[in-house]
Each structure stands twice: as structure tokens, then as C-alpha cells.
Amino acid sequence: MRRDYVIVLCTIALAVGYLYETLQIPSLDTVDPLGPRAYPYLIFAGLIVSAIWLSLETLQKKKAASRSNVPAQETDAEPEGRHGRMLAAVVVWLGLYYAAIVPLGFVVSSFVFLVGLTACFNPGKWVANVLTSFIFVVGFYFLFTSVLGVPLTKGVLDF
Amino acid sequence: MDAFVHVLDGFSVSLQPGNLWYTFVGVLMGTVIGVLPGIGPSAAMALLIPFCYDLNATSALIMMAGVYYGAQYGGAITSILINTPGESSSVMTAIDGYQMARKGRAGAALAVSAWGSFIGGTVGIVALTLLAVPLTKAALGFGPAEYFMLMLVALTAVFTLTGTSPAKGMLSTMLGLTIATVGTDLQSGQIRYAFGLPDLQEGIDFIIVVIGMFAIGEVLSALEDKFYKKSDIIRLKGKLMLTREEWRRSAKPIARGSLIGFLVGVLPGAGATIASIMSYSVEKNSSKHPEEFGKGAIEGVAGPETANNGASTGSMVPLLTLGVPGSGSTAVLLGAFIMFGIQPGPLLFQTRPDLVWGLVNSMYVGNVMLLLLNLPLIFIFVRLLYIPTGILLPIVLVLSTIGVFAINNNVLELYLCLFFGIAGYVFRKVDIPLAPLVLAVVLGGIMEQSFRQAMTISSGSLSIFVGSTLTIGLAVIGVGILCFTFYGTLSRRKRIANADDN
């Protein structure tokens with residue numbers, strides 16, 4: 001329930017930021033009668049209405065929970081700290097992969113990324129992990145560049 | 001008569017060797033996607049887009065539609081054999097399908113789901129063929145105000161029916177509409193909400209949002225689930241055949257499931273999941289032996305599996321005839337149409353009948369292919385369940401990277417996609433539904449355009465939105481949906497409060 005209040009606060013913050021950015025749009029009445037800000041104003045109003053609606057829903061849930069003297073339950077169990085750290089590590093690894101894709105090229109960066117991630121999530125099977133990563137990356141590189149005509153970066157392999 | 005000729009011409013398009021091949025690839029990939037964990041049909045369709053750059057629009061859309069309805073078939077396999085639905089629409093199948101498998105009737109459960117899916121899908125396509133022409137004729141009279149109201153009603157229906165909280169559904173919709181306004185304002189040429197970043201001046205491509213929210217978000221959730229869930233796979237033994245008694249018990253649920261599936265599928269927001277839930281409850285309530293449900297009743301597999309396929313075909317009706325998708329998956333399909341410079345809707349039936357009827361008729365062929373794939377060849381798909389998710393999920397992440405990078409070779413878009421991936425993961429955690437957001441991202445641009453065109457026509461008077469019978473009717477439907485949702489929420493809370501008092 002506390003997380004729902006956090007969502008409400010975030011929504012209001014986003015709506016205010018959106019309104020501020022909307023006010024920066026120069027109003028050119030010659031383009032259309034209500035101007036370019038009218039539609040974004042509707043979206044701003046929608047964001048505020050959804051925040052109010054959600055806070056009412058959360059209040060009702062809280063009331064129902066207090067009536068039955070049962071502590072309000074969260075819908076999902078929080079991920080254990082270890083899993084949270086694991087997911088954060090995956091996100092950081094993905095971020096590093098994206099940073100390396102142009103300088104190292106698609107083949108090298110994807111291969112390193114896949115070997116690293118499969119080592120973590122399919123542990124102890126080095127040969128299978130390395131072979132799968134290699135076949136997949138090289139196969140897809142040729143499929144995209146040679147068959148489908150979609151260019152992918154060569155990076156360090158650009159001889 | 002013209003329409004009949006176009007329908008027949010559609011067969012000549014769908015039966016071309018190239019299109020038959022793409023139908024096959026689509027339904028095959030759909031079945032595989034349905035079986036594999038960590039990736040749903042919306043993400044799969046978005047990931048397929050870079051493979052389509054070299055194809056003509058008809059072949060690409062035939063393939064992507066194949067993935068969409070093919071995934072409904074594959075979802076049943078995991079529901080029945082490992083009690084883990086591959087798709088949300090197969091949740092109901094798991095209840096009795098898994099129990100049948102535990103009793104040694106996995107073959108019968110898979111067979112009835114394949115036959116049910118085939119019949120439900122085919123009935124849906126026939127109904128789509130019959131309904132399409134009258135609906136498009138009616139929709140030809142739509143102006144910008146009517147379109148704006150129609151999209152508003154569709155979005156309202158989607159956010160009230162998707163997920164557990166209508167308020168969170170509305171928030172998701174509003175976030176989607178917010179994302180859709182980023183970039184250059186097409187009417188005034190002004191750049192807005194780009195924060196000085198040149199890469200955002202063109203707006204945020206829907207593929208980035210879809211791949212981030214669905215593919216990366218799903219993979220992050222699946223990686224986490226990997227630590228919680230351990231599934232035992234029930235071995236598939238014997239023939240995939242139904243006994244005479246099982247056929248007799250399945251016939252009526254399949255007939256009812258076809259009807260429920262199609263009708264629910266046509267409604268925006270309802271979709272395959274709600275259709276399968278409705279079909280399950282209808283079967284349970286109409287059964288002479290409701291106590292058997294949950295313990296391996298074949299009716300509990302036949303009805304929902306038929307209904308989810310009927311619904312996936314039904315949801316093509318508003319997409320093709322009105323250009324308004326009713327679910328996340330059909331929103332991705334609409335995005336693909338737009339990517340090829342095609343706007344689905346009534347005019348498309350006049351300007352590109354070959355494409356529309358080629359696509360619709362390819363679904364007949366695709367359903368036959370799916371039946372063949374899912375009966376004699378099901379043993380091959382079952383092997384997919386043994387692929388370690390520790391290898392599969394990282395591969396999906398690389399595929400997502402290709403999907404986004406192939407658009408513009410832009411690293412910033414990759415980071416934007418990662419941002420949406422994290423948002424998708426968080427949204428799943430806090431129960432904010434993703435389908436309304438994606439739908440709003442895809443529809444946002446058209447909606448703004450319709451709004452501003454309507455404003456220009458009416459010289460800025462908002463009364464244009466209640467200026468015709470049609471717009472008034474749509475407004476009444478929209479308000480009705482909202483009132484029904486409010487009433488439903490309040491009465492549920494009252495019931496809970498009364499139950500607590502007693």
C-alpha cells in the first residue's frame with residue numbers, strides 16, 4: 001500500500017514536470033484554434049485524475065484492511081536482497097554491453113555479454129555456454145548483415 | 001459482389017509460395033514463443049520487426065499475425081506439461097490440463113487444445129470475414145471527432161479491463177500518451193519534451209518502448225523467477241488422440257468457446273485472457289459435474305483453449321476495420337502497419353484489398369498449419385521445454401539489442417530501451433498493466449492528430465465531440481464503462497466490508 005502512495009507522488013511529480021514543459025511550447029494560434037498546448041493539457045489533467053483515483057483506491061484498501069484488523073498486504077513479496085543485487089548487476093552488465101557495442105562491434109561485445117551472463121545463470125556448463133554464445137552471435141551477425149541487409153557494427157573486427 | 005471478389009483475390013495472395021512460407025515461419029515462431037518462458041507474443045512481434053525490413057508489407061504482416069495467433073497454441077503446451085502458462089491467456093488451461101497430464105492424459109489434453117484452438121480460430125476468421133465489410137462501410141463515415149472518441153473509448157475499455165486496478169490502468173494509459181507526445185509537433189513543427197536531445201526530436205519509436213517494456217522487462221522478471229520456481233516436466237506418452245467419450249464431452253465447450261472467444265475478442269481491452277476465464281466459468285457452471293473441474297475435466301481445457309484462439313482472431317476485427325487495436329499485441333501489429341506506411345481502417349479495404357484479404361485468408365492457412373504442427377509434431381516442441389532458461393533469457397536480451405539497434409544504429413536508443421525495460425520490470429512488481437501503455441504509445445500520435453483536426457473543423461469548439469449521433473453514442477459507452485467500473489469497485493469494497501463486519 002505504501003508503494004501505491006509512492007506511485008501517486010511520482011505521478012504528481014511527472015504531471016507537474018509535464019505541465020512545466022508544456023508551458024515552454026510557444027503558442028502559435030495560427031496553427032489550430034486551441035493551440036499546440038491544448039492536447040498536452042488534457043494529458044496533464046488525465047495524469048492528475050489517475051493520481052487522485054489511485055490515492056482514493058489506496059485509501060479504500062487501507063480502510064478495508066483496518067476494518068478487518070488485518071495488516072495491509074502487499075501484492076508481491078519483495079525480492080530478496082540477493083535477487084535485487086543480481087538484477088541490478090544484470091542491468092549494469094547490459095549498460096556496459098550497450099557502451100561497448102560501437103567500439104568493440106556487435107560480435108565481440110555480444111559474445112562477451114552472453115558468456116558473462118550465461119556463466120552466471122547457467123553455471124558450470126562452460127563449453128555449452130561458450131559454444132551457444134559463439135554460434136548464436138556469429139549466426140545472427142551473418143543473418144542480419146548478409147541475408148536481411150541490416151548493418152551491425154564491426155568494431156575491432158573491421159580490418 | 002466486389003467484396004466477394006476481393007475475398008477470393010485474398011486467397012491468391014495468401015497462397016503464393018512466398019506468403020505460405022512466411023505464414024509457416026510466423027506460426028512456427030508463434031508456437032515456439034508460446035512454449036518458451038520469458039517472452040510473450042507482443043515482445044516476439046516487436047523483436048521480429050528488424051527481420052521484416054527487407055520484406056514487402058503483406059508478407060511481413062502475415063508473418064507477424066502468425067506469431068500472434070500461433071502463440072495461443074504454444075501457450076497450452078507449458079500449461080499442460082509443467083503447470084506454467086506460457087501466456088496469460090493459457091492460465092485457465094493449466095487448471096485442468098495439468099491435472100489431466102498427471103493422470104496420464106497429457107496427450108488428450110494437448111489434442112483437445114489443438115483441435116479447440118483450430119476450430120475457435122477458424123470460426124473467428126469466418127466471422128471476421130463476414131463482419132469486416134459491413135463494419136468498414138459504417139466506419140467510412142467517421143470524421144476526426146468520431147475517430148478521437150472511438151480511440152478514447154477503446155483506451156478507456158482497455159485500462160478498465162486490464163489488470164487489477166482501473167486507476168493504475170488509467171495511469172498506464174496516460175503515461176503512454178505522454179510518451180507519444182515527445183518529439184516534433186507535426187502541426188506546428190515545434191520540438192517538445194525532447195530535453196535538448198537531438199535524438200528525441202523525432203519522438204520515441206514504439207519499438208523501443210515495446211521491446212523495453214515487454215522483452216527486457218519480461219526477461220528481468222523471468223530471471224528473478226528462475227530463483228523461485230522449479231518446474232517438473234511431465235513426460236508426454238502415448239498418442240495425441242481423443243476417445244469418443246472425450247470428443248462428446250468437448251464438442252459443446254468448443255462450440256461455446258468459439259462464440260465467447262470471438263465476441264469477447266472483438267471488444268477492446270477484453271482479449272484472450274478474459275475470454276478463456278469466461279469460457280471456463282461458463283463450462284463449470286453449465287456442467288452436470290462441476291466438482292470434476294480443477295481435477296482434470298476435459299471441458300476445462302477445451303473451452304478456454306478454443307476461446308483464447310477465437311479471441312485472438314476477434315481482436316483483428318477492430319484493428320483491421322477501424323484501425324483501433326484492443327490489446328498490447330494488436331497494438332504492436334498496428335505499429336508494424338504504420339512502420340510500413342499503412343494505416344489500417346475502412347479505407348485500407350478499398351486501397352489495399354490485396355493486403356487486407358491476403359492477411360485475413362492467410363489465417364485460415366495458418367490455422368491448418370498450426371493444427372499439423374501441434375498434433376504430429378508436438379513432440380519436437382515439447383523438447384523446447386528442456387532448453388535451460390539460463391541460456392535462453394540472455395539470448396533474448398541480445399535479440400532485443402539487435403531489434404533496437406537495427407532501427408537507427410543509435411546507442412542512446414538502447415539506453416532508452418533499457419530504461420523502459422527497468423520501468424516494465426517495476427510496473428510488473430507494482431501491478432501497473434503494460435498493455436494500456438503500449439496501446440496509448442501507438443495510438444497517441446493518431447489521437448492527437450484527430451483531436452486537433454476536429455478542433456480546426458469546429459473552430460475550437462469542444463462541442464464537436466458530442467455533435468453527432470455517433471460521437472454521443474461513443475461518449476455514452478465511454479461514460480458507461482467508467483460508471484460500471486466505479487460501481488464494480490465500490491460494490492466489491494462494500495461486499496468485503498460487510499463480510500468483515502459479519
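Just so it is clear, none of the values below were taken in a lab; they were calculated from the coordinates. Please read all numbers here as calculations on a predicted model, not as lab measurements. Neighbour counts run over all protein chains shown; Cβ positions are idealised from the backbone, glycine included.
With the Cα gyration tensor of the protein assembly as shown giving a ≥ b ≥ c as the square roots of its eigenvalues, does the rule (a/c under 1.5 for rounded; else a/b larger than b/c for prolate; else oblate) give rounded, prolate or oblate?
Rounded, because the longest to shortest axis ratio a/c is under 1.5.
Do any of A:Lys61/B:Lys429; B:Lys284/B:Lys429; A:Lys61/B:Lys284; A:Lys125/B:Lys429; B:Lys239/B:Lys284; B:Lys103/B:Lys239 go past 20 Å between their Cα atoms, and which?
Numbers: A:Lys61/B:Lys429 18 Å; B:Lys284/B:Lys429 32 Å; A:Lys61/B:Lys284 31 Å; A:Lys125/B:Lys429 31 Å; B:Lys239/B:Lys284 27 Å; B:Lys103/B:Lys239 15 Å.
Pairs exceeding the cut-off: B:Lys284/B:Lys429; A:Lys61/B:Lys284; A:Lys125/B:Lys429; B:Lys239/B:Lys284.
Could you work out, residue by residue across A:92-101, how many beta carbons of other chains sit within 10 Å of that residue's beta carbon, and then give the average as an integer?
Mean partner-chain Cβ count within 10 Å for A:92-101: 4.
Apply the Karplus parameterisation 6.51 cos²θ - 1.76 cosθ + 1.60, with θ equal to phi minus 60°, to every residue of the stretch B:59-68 and state each ³J(HN,Hα) to the nearest whole Hz, in sequence, with x for glycine and proline.
Ordered by residue, 3J(HN,Hα) equals 5, 4, 6, 4, 5, 5, 5, x, 4, 4 Hz.
Can you tell me the dipole magnitude for the protein assembly as shown around its Cα centre, using point charges on the Cβ only (Lys, Arg +1; Asp, Glu -1), in Debye to the nearest 20?
I would put it at about 1980 debye.
Rounded to the nearest 10 degrees, what's the angle between the helix B:144-161 long axis and the longest principal axis of chain B, both from Cα atoms, 0 to 90?
The helix B:144-161 is inclined about 40 degrees to chain B.
Give me the dipole magnitude in Debye, nearest 20, for the stretch B:63-213 about the Cα centre, with unit charges on the beta carbon: positive for Lys and Arg, negative for Asp and Glu.
620
Exposed loop sites here are trypsin sites (Lys or Arg not before Pro) in DSSP loop states with at most 14 other C-beta atoms within 10 Å. What is the longest stretch of chain B lacking them?
B:296-502
Tell me which residues come under 5 Å, amide H to amide H, from B:Arg192 once H is placed; ignore anything under 5 positions away on its chain.
B:Gly183, B:Thr184, B:Asp185
Looking at the stretch B:321-428, which chymotrypsin sites (Phe, Trp or Tyr not before Pro) are DSSP coil and have at most 10 other C-beta atoms within 10 Å of their C-beta?
B:Tyr386
How many Cβ atoms of partner chains, on average, are near each residue of B:177-187 if near means within 10 Å of its Cβ?
3
So if I place +1 on the C-beta of Lys and Arg and -1 on the C-beta of Asp and Glu, and nothing else carries charge, what would the dipole magnitude of chain A be about its Cα centre? I want it in debye, nearest 20.
Result for chain A is approximately 520 debye, rounded to the nearest 20.
Relative to the first principal axis of the alpha-carbon coordinates of chain B, what is the inclination of helix B:106-139, with its axis defined by its Cα atoms, in degrees from 0 to 90 and to the nearest 10?
Value to nearest ten degrees: 30.
Which far-off residues, 5 or more places away or on another chain, put their amide H under 5 Å from the one on B:Thr162, with H placed in the peptide plane?
Correct list: empty.
Please turn the phi angles of the stretch B:243-259 into ³J(HN,Hα) values with the Karplus equation 6.51 cos²θ - 1.76 cosθ + 1.60 (θ = phi - 60°), one per residue in order, whole Hz, x for glycine and proline.
Along the stretch B:243-259, the couplings run 6, 4, 5, 5, 4, 4, 6, 8, 4, 5, x, 5, 4, 5, x, 4, 5 Hz.
Hey, got the average number of other protein chain Cβ atoms within 10 angstrom for residues in B:484-491?
1
Can you pull out the chymotrypsin sites (Phe, Trp or Tyr not before Pro) in the stretch B:167-227 that DSSP calls coil and that have at most 14 other Cβ atoms within 10 Å?
In loop regions of the stretch B:167-227 (DSSP not H, G, I, E or B), the sparsely surrounded chymotrypsin sites (Phe, Trp or Tyr not before Pro) are B:Phe195.
Sort A:144-153, B:121-130 for me by packing, meaning the mean count of neighbouring Cβ atoms within 10 Å per residue, highest on top.
Top to bottom by mean Cβ count within 10 Å: B:121-130, A:144-153.
Given the rule -39500 (n - 2.57) for each run of at least 4 DSSP H residues, summed and divided by the residues of the protein assembly as shown, what is its mean residue ellipticity at 222 nm, to the nearest 500 deg cm²/dmol?
Taken over the protein assembly as shown, the calculation gives -24000 deg cm²/dmol.
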